[in-house]
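Readers should treat all values here as calculations from the given coordinates under stated rules, not as data from a laboratory. No experiment lies behind these values; they were computed from the predicted model shown. Here Cβ is always computed from backbone atoms with ideal geometry, including for glycine, and neighbour counts include all displayed protein chains.
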Amino acid sequence: MSRSDVLVDADWVQAHLDDPGVVLVEVDEDTSAYEKGHIRGAVRIDWKTELQDPVRRDFVDKTGFQNLLSEKGIAGDDLIILYGGNNNWFAAYAYWYFRLYGHQNVKLLDGGRKKWELDSRELVEAVPSRPKTDYVAQEQDLSIRAFRDEVVEAISTKNLVDVRSPDEFSGKLLAPAHLPQEQAQRGGHIPTARNIPWSKAANDDGTFKSDDELQELYEEAGVDLSKPTIAYCRIGERSSHTWFALHELLGLPDVKNYDGSWTEYGSLVGVPIELGDAK
Amino acid sequence: MSDSCGAPTQTASLPATVDLANEAVIQGTVVREGAPVPGAYARLLDATGEFTGEVVTSDEGVFRFFAAPGDWTIRVLAPGGVSIDSQVTAETGEVAKLEVAI
């Protein structure tokens with residue numbers, strides 16, 4: 001797999017905006033960004049209301065995913081280009097999610113919304129209308145999704161990559177610094193995890209670092225790239241960004257995203273927690 | 001508990017649910033020739049230069065972080081290759097304020 005199989009740059013998107021069979025999808029948590037302006041022709045997916053089950057803490061099921069993509073006018077053989085705010089966190093999460101449900105022809109816009117804006121490229125308010133499709137999803141590919149028991153078993157045996165900020169990792173903060181800090185669960189990290197913040201995989205403008213830089217980053221932090229790896233953060237969207245770097249850009253065969261992440265692990269009764277720096 | 005990690009829409013005043021006594025807030029405004037700049041990117045870097053958070057400035061040019069006490073750098077990015085660093089110190093129970101002119 002090469003970088004161009006999974007990532008496109010802003011120039012490519014600009015040149016292919018009107019191609020049939022190419023569907024731009026903006027994925028955000030705060031969808032007001034889309035309303036103020038989005039890349040021409042892009043449809044939107046709301047990370048919170050459209051990809052999450054409204055009752056249980058889980059994803060929409062296969063039928064729900066089929067209905068969502070059909071409503072958005074996306075066909076199984078369309079090339080989906082995902083982008084979004086927050087350095088593509090939610091777009092990377094959607095990428096992982098689309099892969100989970102078997103959509104193969106999907107790529108990320110490198111740098112996402114931020115790079116597009118910093119380049120002063122065109123944003124429009126017009127919402128496209130796409131005819132409804134009859135989308136068929138696959139069963140979830142659980143080779144890329146980790147659950148809690150597997151994570152506990154991975155302590156000392158697999159790579160655990162904690163992609164939160166150093167202060168969240170050490171237990172000093174319980175959430176990213178742009179959010180208020182009151183939380184119910186315990187602080188800290190999963191024992192034997194390495195702390196490689198997601199942001200180290202990205203440049204200031206939100207684009208991914210080169211393959212050589214990425215490889216050096218993880219190896220220097222003590223990740224054995226020949227072993228299976230589980231990435232986690234607080235709720236699984238920043239770790240989707242790192243899952244993308246490890247599985248899609250570096251092409252490592254066995255990388256899972258633990259979407260339960262710290263809000264689940266830090267609330268489990270009886271599991272081991274480590275405080276401070278990586279041991 | 002916030003059920004997402006995404007940056008919330010930035011507002012001019014602290015959200016009513018926040019108890020400032022427990023928070024070390026850093027808040028600022030991005031301005032160009034005295035006028036607020038919406039849509040700029042404010043990045044919070046810790047004392048070692050490590051990235052900690054990023055928000056987009058509001059229509060009033062406002063950005064805000066809930067940091068830990070200590071020294072921080074705010075890096076403001078805007079179209080045209082603008083990248084400006086400012087130093088700020090946060091204390092619990094206080095709002096550390098700054099204005100960044102680009």
Centroid-to-centroid separation of the stretch A:35-86 and the stretch B:63-102 [C-alpha atoms, Å]: 34
222 nm mean residue ellipticity, helices alone, for chain A (DSSP H n ≥ 4; -39,500 (n - 2.57); rounded to 500): -7000 deg cm²/dmol
Listed residue (B:Gly49, B:Phe63, B:Ala78) projecting farthest to the positive dipole end of chain B, Cβ model: B:Ala78
Dipole magnitude of the stretch B:1-96 about its Cα centre (Cβ charges: Lys, Arg +1; Asp, Glu -1), debye to nearest 20: 280
All lysines inside 29 Å of A:Lys132 as judged from Cα atoms, apart from same-chain residues fewer than 8 positions distant: A:Lys36, A:Lys48, A:Lys62, A:Lys72, A:Lys107
Pairs of alpha carbons in chain B whose separation is greater than 16 Å (percent): 54
Nearest-20 debye value, chain A charge dipole, Cβ charges on Lys, Arg, Asp, Glu: 540
Length-normalised contact order for the stretch A:24-119 - Cα pairs under 8 Å, 6+ apart - percent: 28
Most fluctuating residue given options A:Leu225, A:Leu24, A:Leu142, as computed from a GNM of chain A linking Cα atoms under 10 Å: A:Leu142
The stretch A:219-279: mean projected area of Cα convex hull, nm²: 4.8
Kirkwood-based Rg to Rh ratio, the stretch A:165-247, C-alpha trace: 0.97
Under 16 Å from A:Lys158, Cα to Cα: lysines that are on another chain or at least 8 residues apart: A:Lys227, A:Lys256, A:Lys279
Chain A: relative contact order in percent, alpha carbon pairs under 8 Å with at least 6 residues between: 20
Reduced Cα scattering model of the stretch A:1-88, Debye log10 I(q)/I(0), q = 0.14, 0.18, 0.25 Å⁻¹: -0.56, -0.90, -1.39
Neighbour-limited loop hits for GluC sites (Glu not before Pro), the stretch A:172-279 (at most 15 other Cβ within 10 Å; DSSP other than H, G, I, E, B): A:Glu182
Placed amide H near B:Ala24: partners under 5 Å, 5+ positions off or other chain: B:Ala67, B:Gly93
Taking B:Arg64, A:Arg145, A:Arg186 and counting other C-beta atoms within 10 Å, the order from fewest to most: A:Arg186, A:Arg145, B:Arg64
Pairwise centroid distance, computed over Cα atoms, of the stretch A:119-170 with the stretch A:185-249, Å: 13
Rounded tilt (10° steps) of A:62-72 against the dominant C-alpha axis of chain A: 40
Residues A:Val25, A:Val124 arranged by fewest to most Cβ contacts within 10 Å: A:Val124, A:Val25
Equivalent-ellipsoid semi-axes of the protein assembly as shown, from the Cα gyration tensor, Å, largest first: 30, 27, 19
Charge-dipole axis of the stretch A:143-265 as Lys and Arg at +1 and Asp and Glu at -1 on Cβ define it, positive-most pick from A:Pro197, A:Phe147, A:Val163: A:Phe147
